[in-house]
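Student: One structure follows; several queries about it will come next.
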Amino acid sequence: MSERIWDVVDDFVDETIVGEDDALVKAREDSVGAGLPGIAVTPAQGKLLYLLARIHGAQRILELGTLGGYSTIWLARALPPGGLLVTVELEEAYAEVAARNIARAGVSDRVRQRLGPAAEHLGALSAEGVEPFDFVFMDADKAGTPEYLELVLTLVRPASVIVSDNSVRDGKVGDPDTPDAGAQGMRRMHELLASARERGTLSSTTIQTVGAKGYDGFTLILVEDV
Ligand code: DHB
Ligand code: MG
């Protein structure tokens, strides 16, 4: 079968403008080599996260779902000196692979890894009264996303930006009767965003994407008020 056209285009974009270095390529390869699921963001998507964080001038980044640290490295590289990225991962084996990848990329000084369920860590961060995060990337289990969003809202400030990966799920987000728990989670996230829009607290949109990971999308959320 011929290669899908969006794979060809992703390869072209990666080879021309994305500019992955050896540490990022190795992070991708070692994650797959260690048996982690091949669900990391693509190089072009990693670069998008890096650009969004830079455009926003993010200094404190929170990531849910470290996996092998590929998106972590992109985001950490967007930080200015003294910036901090906290990343939460449920699976110890993934976090160990991520720690090696993050160290090789030279960003361990800026990255704090936390191991365990996202909801527990979000609650703990709130209880610790940490400074608000100005950029959040949600990429953990999709069914949990509505709960994570509500907890994340206790950890941000007006003008913070939240990005959710996987908010379209092959189009299943458009089907109210989808049996896919992840897609139902993303529907529920949209419902929460709808009520927040009515209250004037969050502004958001979802953009559908195709590429090397197939058909999915990102949701971009701006905190107007908390
Ligand atoms: C899955 C998870 C992801 O974060 C992703 O980007 C793609 C797929 C999954 O669990 O299937
Ligand atoms: Mg994802």
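Student: Kindly indicate whether any position in the range 22-34 is of a type outside the set (Lys, Arg) and farther than 17 Å from Ala99 by Cα.
Tutor: As a first pass, look at the range 22-34 and keep what is of a type outside the set (Lys, Arg): 22-25, 27, 29-34.
Then drop every residue that is not farther than 17 Å from Ala99 by Cα, which leaves none.
The answer is no, given that none of the residues of the range 22-34 is of a type outside the set (Lys, Arg) and farther than 17 Å from Ala99 by Cα.
Student: Can you run down the residue pairs with Cβ atoms below 6 Å, 6 or more apart or on separate chains, where the first is in the range 148-163 and among the aromatic types (Phe, Trp, Tyr) and the partner is part of a strand (DSSP E or B) and surrounded by 21 or more Cβ atoms within 10 Å (Cβ to Cβ)?
Tutor: Hits for this filter: Tyr148/Leu64; Tyr148/Met138.
Student: Suppose the filter is assigned to a loop (DSSP other than H, G, I, E, B) and either among the small types (Gly, Ala, Ser) or within 16 Å of ligand 1 (Cβ to nearest atom) (or both); does Ala27 pass it? Give the steps one after another, and end with the answer.
Tutor: Details: assigned to a loop (DSSP other than H, G, I, E, B): no; either among the small types (Gly, Ala, Ser) or within 16 Å of ligand 1 (Cβ to nearest atom) (or both): yes.
In short, no.
Student: Restricting to the range 112-139, what's the tally of residues that are farther than 22 Å from Thr219 by Cβ and within 12 Å of ligand 1 (Cβ to nearest atom)?
Tutor: Looking only at that region, the number is 0.
Student: Name the residues in the range 140-163 that are touching a strand residue (DSSP E or B) at 6+ places or on another chain (Cβ under 6 Å), assigned to a loop (DSSP other than H, G, I, E, B) and within 15 Å of ligand 1 (Cβ to nearest atom), would you?
Tutor: Once the filter is applied, which keeps residues that are touching a strand residue (DSSP E or B) at 6+ places or on another chain (Cβ under 6 Å), assigned to a loop (DSSP other than H, G, I, E, B) and within 15 Å of ligand 1 (Cβ to nearest atom), the range 140-163 yields only Ala140.
Student: Just one of Thr206, Thr178 is surrounded by fewer than 19 Cβ atoms within 10 Å (Cβ to Cβ) and touching a His at 6+ places or on another chain (Cβ under 9 Å); which is it? Outline the logic, then answer.
Tutor: Numbers: Thr178 fails: touching a His at 6+ places or on another chain (Cβ under 9 Å).
The match here is Thr206.
Student: Considering the range 149-171 alone, what residues qualify as being more than 13 Å from ligand 2 (Cβ to nearest atom) and either over 26 Å from Gly214 (Cα atoms) or hydroxyl-bearing (Ser, Thr, Tyr) (or both)?
Tutor: Glu150, Leu151, Val152, Leu153, Thr154, Leu155, Val156, Arg157, Pro158, Ala159, Ser160, listed by residue number.
Student: Under 15 Å from the mean Cα position of the chain (by Cα) and of a type outside the set (Phe, Trp, Tyr), is that true of Val152?
Tutor: When the stated conditions are applied, Val152 passes them.
Student: For Lys47, state whether it is surrounded by fewer than 23 Cβ atoms within 10 Å (Cβ to Cβ), in a helix (DSSP H, G or I), within 16 Å of ligand 2 (Cβ to nearest atom) and charged (D, E, K, R).
Tutor: Values: surrounded by fewer than 23 Cβ atoms within 10 Å (Cβ to Cβ): yes; in a helix (DSSP H, G or I): yes; within 16 Å of ligand 2 (Cβ to nearest atom): yes; charged (D, E, K, R): yes.
In short, yes.
Student: Another question, if that's okay. Are any of the residues in the range 209-221 within 18 Å of Leu49 (Cβ to Cβ), more than 14 Å from ligand 2 (Cβ to nearest atom), in contact with a strand residue (DSSP E or B) (Cβ under 7 Å, 6 or more places away or on another chain) and of a type outside the set (A, V, I, L, M)? Before you say what the answer is, go through the steps one by one.
Tutor: Quick first cut of the range 209-221, residues within 18 Å of Leu49 (Cβ to Cβ) only: 209-213, 216-221.
Okay, now just the ones that are also more than 14 Å from ligand 2 (Cβ to nearest atom), so 210, 220-221.
Checking which are in contact with a strand residue (DSSP E or B) (Cβ under 7 Å, 6 or more places away or on another chain) leaves us with 220-221.
In the following step, the residues that additionally are of a type outside the set (A, V, I, L, M) were identified as none.
Checked the range 209-221: no residue is within 18 Å of Leu49 (Cβ to Cβ), more than 14 Å from ligand 2 (Cβ to nearest atom), in contact with a strand residue (DSSP E or B) (Cβ under 7 Å, 6 or more places away or on another chain) and of a type outside the set (A, V, I, L, M).
Every number in this text was worked out from the coordinates using simple rules, so none of it is lab data. Keep in mind that this is a model prediction, so the values were computed, not measured. Cβ: placed from backbone, ideal geometry, glycine included. Neighbour counts: every protein chain shown.
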